[in-house]
Amino acid sequence: MSVMQTPEGRIDIRQLSIVLGQGREAFEAVRELDCQIEPGQFVCILGPSGCGKSTLLGALAGHLSAHAGSLKVDGAAVSGPSPQRGMVFQHHTLFPWRTVRENVAFGLKMRGIGKVERHCAADEILQLVGLEGFAERWPDQLSGGMQQRVEIARVLVNRPRLLLMDEPFGALDALTRLNMQELLLDIWTRIRTTVVFVTHDIDEALFLADRLLVMSARPGRIIEDLRLDFARPRTSELVTSPEFSRLKRHCLDLLRHDNDRPLPRLNPLGLPPENPLPRFAL
Ligand SMILES: Nc1ncnc2c1ncn2[C@@H]1O[C@H](COP(=O)(O)OP(=O)(O)O)[C@@H](O)[C@H]1O
Ligand SMILES: [Mg+2]
């Protein structure tokens, strides 16, 4: 299949702070975050549980708004959800009463695209994710890995500028997870959309990304920005290479040392002190 062009996908985040909760419960989940991401880049965000990774993705998707700073995609401020910024979660969001094809075509249906055209587009994307022949099935007839492939297809059919992924393989068994990682990279070589992939799994982040952003414990800030120049296509041998091990060590040290950091007593907003945080489990 030919490479499908998607329009741009440049991210520009400046001094972004995001506050969650209301009134006395309010706290900063993300603090003064700066980050520029080039179109077509595959970026992984790694950080301990609760550091604000999903919050950041939610802001990119347009589900959460900035408390301070700015967040732009292709020069336009993000002000709400859009099919151009598609999200894949850990658990699929497929309609159980619609077939696989109808699920994938649903976003196009909502945009008023005719049945023949949208089914044709759905079948093309289903082929891309290796599910040709499954278009007539129901979601609950598929394995967990296949359901996530449909979920990815459901997002990609909109030709998004951003593919946002929030621990998308977190609920899969180890082998399926490895297969899905390879499949995702294969898809990404064909649809060169910008990918922002959140994980707390160091191996997964190093295996997938062009660039790895490591976040601190809450409130999340970027504490490391690594370029990963491993050759592509990437294969499972990579994870046993000395350079991979060295970078894994480096990431572990970063997350561990960050864990030792004393928690701030009062944040700059003058909000109440934060509760003790869940620690990064090794
Ligand atoms: N709606 C909410 N109200 C209050 N606190 C929340 C809400 N959503 C998330 N949190 C808290 O905000 C922090 C950041 O959450 P999140 O972005 O989900 O972290 P991560 O994805 O890195 O695990 C966590 O401490 C979490 O418990
Ligand atoms: Mg999360």
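Bear in mind that the values in this text are calculations on the coordinates, not laboratory data. Every value quoted in this text rests on a predicted model; they were computed, and no experiment measured them. As a convention, Cβ positions derive from the backbone with ideal geometry for all residues, glycine included, and neighbour counts pool all protein chains shown.
Note down the magnitude of the dipole of the chain about its Cα centre, charges +1 on Lys and Arg C-beta and -1 on Asp and Glu C-beta and zero elsewhere, to the nearest 20 debye. Walk me through the numbers on the way to the answer.
Details: 34 positive and 34 negative charges, 106 e Å.
Dipole about the Cα centre, nearest 20: 500 debye.
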Self-check item: Farthest toward positive dipole pole in the chain [+1 Lys/Arg, -1 Asp/Glu at C-beta], among 142, 77, 9
Solution: 77
Practice problem: Given the options 39, 233, 48, state which has the largest fluctuation in a GNM of the chain using a 10 Å cut-off (strictly under) for Cα springs. | Solution: 233
Exercise. At a Cα cut-off below 21 Å, give the lysines reachable from residue 248, other chains included and same-chain residues fewer than 8 away excluded.
Key: 53
Quiz item: Nearest 10 degrees, 0 to 90: what angle lies between the long axis of helix 100-110 and the longest principal axis of the chain (Cα atoms)?
Solution: 70
Practice problem: Express in nm, to one decimal, how much length is gained between residue 36 and residue 91 on full extension, taking 0.36 nm for each residue of separation and deducting their alpha carbon distance. | Solution: 17.0 nm
Quiz item: Applying 1/(1 + (r/R0)^6) with R0 = 30 Å to the Cβ-Cβ distance of residue 14 and residue 49, what FRET efficiency is obtained, to the nearest 0.05?
Solution: 0.70
Quiz prompt | Helix axis angle, 174-190 relative to the chain longest principal axis, alpha carbon, degrees | solution = 70
Quiz item: Out of 49, 143, 17, any idea which swings most in a Gaussian network model of the chain, alpha carbons joined below 10 Å?
Solution: 143
Quiz item: How are the Cα pair distances of the stretch 86-184 distributed, in percent, across 10 Å bins from 0?
Solution: 17, 52, 28, 3
Practice problem: Please give the direction-averaged projected area of the C-alpha convex hull for the chain, in square nanometres with one decimal. | Solution: 15.4
Exercise. Determine the calculated [θ] at 222 nm for the chain from helices alone, applying -39500 (n - 2.57) to every DSSP H run no shorter than 4 residues and normalising by the residue count; nearest 500 deg cm²/dmol.
Key: -10000 deg cm²/dmol
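What FRET efficiency would be calculated for the residue pair residue 243, residue 22, taking the C-beta separation as r and a Förster radius of 51 Å, to the nearest 0.05?
For residue 243 and residue 22, the calculated efficiency is 0.65.
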Quiz item: Is any residue of the stretch 72-110 close enough, with backbone N under 13 Å, to a label point placed 7 angstrom from the Cα of residue 138 along the Cα-Cβ axis, and if so, which?
Solution: 95-100
